[in-house]
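Here the structure comes first, spelled out in structure tokens, and everything after it is commentary.
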Amino acid sequence: MTILNAPQRSACILLGILSLASVGLAKGKQPKGDGLTSQEIIDTVQKYSEDQKACYSELLEKDKTAEGKVKIRMLIDLSGKISGSRIEENGFKDKSLGNCLMAKMKGWVFPKPRGGEIMSVAYPFAFKTAPAPAPTPEATPAAGAPPATEAASSSSPSETKTQP
């Protein structure tokens, strides 16, 4: 007998595809001093990947094939908190993912920007479902080998009958 695992799909957030150049600072809004580096921004966004997965999972409950990108512009205040955000691009029919992300962002904390100015950052989020794992067949005995027996667990002792 061959037993196959049921196909499953899982949420996958493609944060790894982002390059440092894809995190955009608003033109003319470059902070004095160092502000935050693109790497600091990427690292902080990735720290909150569970929030992103939760939002995407909610969308997948409504549309199991939903995949795409959302670009959100956020304002990072002097304390490192998000003081405002808006969706700049949305590749999904359903707008709930972007709204969910913006709601979650209210609790995100970035490092404090250096230079004494609020930062405006556009961040692209890419979402895609992971493919279902390949079915795994149960091991079958080789030709001529005796069939494997299963051990059954029981709370009572088993009885064995022998023939004379």
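Here residue 62 meets each of (1) surrounded by fewer than 14 Cβ atoms within 10 Å (Cβ to Cβ); (2) over 23 Å from the mean Cα position of the chain (by Cα); (3) at pLDDT below 95 with one exception, condition (2).
Taking the criterion of being under 27 Å from residue 67 (Cα atoms), of a type outside the set (D, E, K, R) and assigned to a strand (DSSP E or B), the residues of region 79-108 that qualify are 82, 84, 85, 87, 90.
The values are calculated or read from the model by the stated rules, or taken from the named source; none is laboratory data. Owing to the predicted nature of the structure, the values given are computational and were not obtained by experimental measurement. Don't worry about glycine lacking a Cβ; one is built from the backbone with ideal geometry, like all the others, and counts go over all protein chains shown.
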